[in-house]
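So the structure is just underneath, and the comments pick up after that.
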Amino acid sequence: MANILVTGGAGYIGSHTCLELLNAGHQVVVLDNLSNSSAESLQRVQALTQKSLHFIEGDIRDGAGLDQLFQQHKIDAVIHFAGLKAVGESQQIPLAYFEHNIAGSISLAQAMQRAGVFKLVFSSSATVYDEANISPLNEEMPTGMPSNNYGYTKLIIEQLLEKLTIADERWSIALLRYFNPVGAHKSGQIGEDPQGIPNNLMPYVTQVAVGRREKLSIFGSDYDTVDGTGVRDYIHVVDLANAHLCALNNRLNAQGCRAWNIGTGNGISVLQVKNTFEQVNGVEIPFELAPRRAGDVATSFADNRRAIAELGWQPQYGLEDMLADSWNWQKQNPNGYR
Ligand code: NAD
Ligand code: UFG
């Protein structure tokens, strides 16, 4: 069992990962500045697991704070979720994205090096792939220039981390390229709680279902896809959380930098999401067909065979589970953690 620092652990994916880490018997220290989350998520993680974790409210950009953390806790490895993630906002305030995501990751790696901690699992994104690649996307395919500043920060951080492992063989780094995380823990006690108007499909759908929004706008119905709407690879957040435990195990006995896609390998259209949500949950989702959203690709889904073969990971949940669990969370928490 290991002592794991989870940056951004109070957030959506981080809180689910903390829960799985505690259940697996690891010790967990969370560092989060709560800029996009609530400490309530961690209270609930502790209640669900009947185990405690150590929460530090702080920022990855604060090197002195990180030094203190590493002195007080003997950390074996870091899972790094902290960062800003709103695609549209990243076009308005790029410097904030460069600072929190890129400079923040450098600050974290510097502090890790000072503390002699060299195992890292990083939250990357399928957005790093060149848009010219045809799905299923595999890890050998070229990366490209992401269409937005958020995606650009993920690409830059991947490249910086890879160069770090080349320069110093003590580093061992996993780059997990997430496809589209959705769903929530079965209990409905923790889940996705976006601030303001959701950017992503699933929280928008559940907020329409719960009556917080009038109708779903489907962005684009003239793509070259099964029904004209955008196709994505939705992955249950609990499966995604477990991928971090598998990647951690892999990195404890390895050197270098390696990327893995974390998706189910199934391409699902927006209309299929809406229709299946209605069937599984017995709730109607009013909708309109709207113009395409800038920067969207028609189709993106994973070739996940590398993660299955090398990490011993296997997604357990299908689309119906994802949609039932998203709704279970939203229904029990109509206003999220507030
Ligand atoms: P989230 O916003 O719920 O979690 C991120 C957490 O980091 C939040 O709790 C926030 O308060 C914290 N944070 C932000 N800046 C910080 C800083 N400077 N110092 C300390 N804490 C800070 O987001 P999420 O959906 O859980 O995503 C987690 C990670 O996964 C992010 O890096 C995100 O870019 C990446 N990712 C997410 C998706 C997705 O669709 N959700 C897809 C691909 C990659
Ligand atoms: N969509 C709608 N209506 C909405 C929201 C989304 O029709 O209100 C559509 C989009 O056009 C797209 C699909 O639903 O076809 C999925 O959109 P999301 O915004 O949920 O997800 P994206 O695939 O655009 O982006 C996600 C993450 C990014 C990450 C990217 C990598 O949000 O962080 O995957 O592929 F970079």
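The values are calculated or read from the model by the stated rules, or taken from the named source; none is laboratory data. Model, not experiment: these values are computed from the prediction. Positions of Cβ are generated from backbone atoms using ideal geometry, with glycine treated the same way; all protein chains shown enter the neighbour counts. Ligands, DNA and RNA are excluded from the accessible area calculation, which covers all protein heavy atoms including side chains. Shrake-Rupley method; radii C 1.70, N 1.55, O 1.52, S 1.80 Å.
A few notes on this one:
- Some residue of the range 97-104 being open to solvent by 30 Å² or more (accessible area, probe 1.4 Å) and among the polar types (S, T, N, Q): no
- In this entry, Gly196 passes the filter for residues that are open to solvent by 10 Å² or more (accessible area, probe 1.4 Å), over 15 Å from the mean Cα position of the chain (by Cα) and either within 11 Å of ligand 1 (Cβ to nearest atom) or at pLDDT below 95 (or both).
- Selection count where residues are within 15 Å of ligand 2 (Cβ to nearest atom) and surrounded by fewer than 22 Cβ atoms within 10 Å (Cβ to Cβ), scope the range 150-175: 4
- One residue from Asp67, Asp76 being in contact with a strand residue (DSSP E or B) (Cβ under 6 Å, 6 or more places away or on another chain), open to solvent by 40 Å² or more (accessible area, probe 1.4 Å) and closer than 18 Å to Leu108 by Cβ: Asp76
- Entry remark, the range 291-337: residues being away from ligand 1 (no atom under 15 Å from the Cβ) and over 22 Å from Pro198 (Cα atoms) number 14 in total.
- Among all residues of the range 216-231, there is none that is under 22 Å from Thr17 (Cα atoms), among the charged types (D, E, K, R) and either within 16 Å of ligand 2 (Cβ to nearest atom) or touching a residue at least 40 places away in the same chain (Cβ under 8 Å) (or both).
- Taking residues in the range 2-18 that are within 16 Å of ligand 2 (Cβ to nearest atom), and partners anywhere that are aromatic (Phe, Trp, Tyr) and modelled with pLDDT of 95 or more, the pairs with Cβ atoms closer than 8 Å and at least 6 places apart or on different chains are Gly8/Phe81; Gly11/Phe81; Ile13/Phe81; Ile13/Tyr178; Gly14/Phe81.
- Of all residues in the range 272-313, those that are open to solvent by 40 Å² or more (accessible area, probe 1.4 Å), out of contact with any Cys (no Cβ under 9 Å at 6 or more places or on another chain) and either closer than 20 Å to Thr206 by Cα or part of a loop (DSSP other than H, G, I, E, B) (or both) total 19.
- Of all residues in the range 9-62, those satisfying the criterion of being among the small types (Gly, Ala, Ser), assigned to a loop (DSSP other than H, G, I, E, B) and near ligand 1 (Cβ under 6 Å from one of its atoms) are Ala10, Gly11, Ser35, Ser37.
- Where a residue in the range 280-298 is closer than 19 Å to Glu320 by Cα and its partner, wherever it lies, is of a type in the set (S, T, N, Q), with Cβ under 9 Å and at least six apart: Asn281/Ser326; Asn281/Asn328; Ile285/Asn275
- Scoring Pro94 on the criteria (1) open to solvent by less than 50 Å² (accessible area, probe 1.4 Å); (2) closer than 21 Å to Asp296 by Cβ; (3) touching a strand residue (DSSP E or B) at 6+ places or on another chain (Cβ under 8 Å) leaves a single failure, condition (3).
- Members of the range 243-271 that are modelled with pLDDT of 95 or more, more than 16 Å from ligand 1 (Cβ to nearest atom), within 30 Å of Lys119 (Cβ to Cβ) and part of a helix (DSSP H, G or I): Cys246, Asn249, Asn250, Arg251
- Residues in the range 38-57 that are open to solvent by less than 30 Å² (accessible area, probe 1.4 Å) and among the small types (Gly, Ala, Ser): 1 in all.
- The number of residues in the range 22-38 that are in contact with a Lys or Arg (Cβ under 9 Å, 6 or more places away or on another chain) and touching a residue at least 60 places away in the same chain (Cβ under 8 Å) comes to 2.
- Checking the range 95-114 against the condition returns no match, with no residue being β-branched (Val, Ile, Thr), away from ligand 2 (no atom under 16 Å from the Cβ) and not in a helix (DSSP H, G or I).
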